[in-house]
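One structure is given below, encoded as structure tokens.
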Amino acid sequence: MGSSKDLDLEDVDGIGPKTAQLLQSKGIVSPRHLALFTPEELIDITDMTPDRAEKILRSARELVFGSKRALKGTEFAKQFSELPRLKTHVNSIDRLLGGGLEPKAIYEFAGEFGTGKTQLCHQLCVTVQLPREKGGVSGIAVYVDTEEAFSPNRIESIAKRFELNPQQTLDNVYVIKVVNAADLEDRIRFELVKLIEHANVKLIVIDSIIALYRAEFKGREKLAERQQRLHYILDWLMRIAKVYGVYIVLTNQVIDVPVGYIEMKKPAGGNVLAHTVTHRFFLRKSREDIRVIEVLDSPRLPFKASAMFRITDRGVEDV
């Protein structure tokens, strides 16, 4: 059997031509994509019986991942050390990140307007296209734009800094505009996976993850539903990150939280984001044109560690 990238839906035990056609009509493109779904999700879009859905999904997971997935700690450590890091090409930030962004993880950049979140995302859309020896992974980027923040001119300006063809660099960034939270969820579950499988996408940017949910689910009476929906789509992003080994970056807004007699800024999204995102960072303005990025939470980076950077015509640079 070839690699999971070469498999067709009919290679999954229990799937014949008719079922494969049904799954494809629902937007499921491969056994790897199918393996992301839960039985409840598959039943919801296909009306399969529970027993059949569970059997097909179990077969898909075994086909894609193998039946033996336990690793010794030393084996895991070796695999982790060999993962390619995606550099921002801001030396201070790359040192803070331990060499760059790691795949199979979700990064959150939270901060007020003008702190550099979107600028950093644009730069990553360029550096992901660089070859591995130059800190990239020779990949394509997807920019999911929920706040009308994507700037083609900015991509072209940053491309010139890295001596890349501006038009070709821009052509290697897919931009997805979404109209509401349901549209965002559909794009993530289906269109993103299709691009990853067929267009060499390595970086997914969602700018911002919270905007649509805050706008649509207003008031305390809808808070629980908002958090459930947000948790659901974050879980899907983590599934994609783990299975496809891509880099995922989210931007987030901030809220004011009273602490004694003052108000503190903290990321929106509550515990759902705090418990789901792998690495969380807070960006803020410092003196003059200097910005600061600080570790809020991470399993591998020191709490409150920080780096300074500035935003220029060439992109995000060291101070």
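With semi-axes defined as the square roots of five times the eigenvalues of the C-alpha gyration tensor, the equivalent ellipsoid of segment 115-216 measures 24, 16, 10 Å, largest first.
Could you please state how large a percent of the accessible area of segment 9-91 is carbon and sulfur, counting protein chains only and using a 1.4 Å probe?
That share works out to 48 percent.
Rounded to whole Å, the principal axis extents of the Cα atoms in the chain read 64, 51, 42, largest first. Largest mean-square fluctuation among 172, 153, 91, in a Gaussian network model of the chain whose springs join Cα atoms under 10 Å apart, belongs to 153. Identify the residues of segment 284-319 with backbone N under 14 Å of a label point that sits 7 angstrom from the Cα of residue 264 along the Cα-to-Cβ direction, or state none. Only 296-297, 304 fall inside the zone, counting backbone N under 14 Å.
The simple Förster model, with R0 at 35 Å and r as the Cβ-Cβ distance, assigns residue 182 and residue 47 a FRET efficiency of 0.95.
Three principal axis extents of segment 31-157 based on alpha-carbon atoms, in descending order, are 53, 41, 26 Å. Full extension of the chain segment joining residue 10 with residue 300 gains 100.4 nm, where the gain is 0.36 nm per residue of separation less the Cα-Cα distance. In this view, the solvent-accessible surface of residue 308, computed with a 1.4 Å probe and all protein chains in place, comes to about 80 Å².
DSSP bridge analysis restricted to the chain gives an antiparallel fraction near 45%, rounded to the nearest 5.
Sorted by packing (mean other beta-carbon atoms within 10 Å per residue), highest first, where do 27-36, 271-280 land?
In descending order of packing, they fall as 27-36, 271-280.
Accessible surface calculations at 1.4 Å, restricted to protein heavy atoms, place the chain at 50 Å² per residue.
Net charge of the neighbourhood of residue 263, taken over other residues with C-beta under 15 Å away and scored Lys/Arg +1, Asp/Glu -1, is +1.
The values are calculated or read from the model by the stated rules, or taken from the named source; none is laboratory data. All values derive from a computational prediction rather than experimental measurement. Cβ sites come from the backbone with ideal geometry, for glycine too, and all protein chains shown count toward neighbours. Remember, those area values only see protein heavy atoms, side chains included, never the ligands or the DNA or RNA. Shrake-Rupley method; radii C 1.70, N 1.55, O 1.52, S 1.80 Å.
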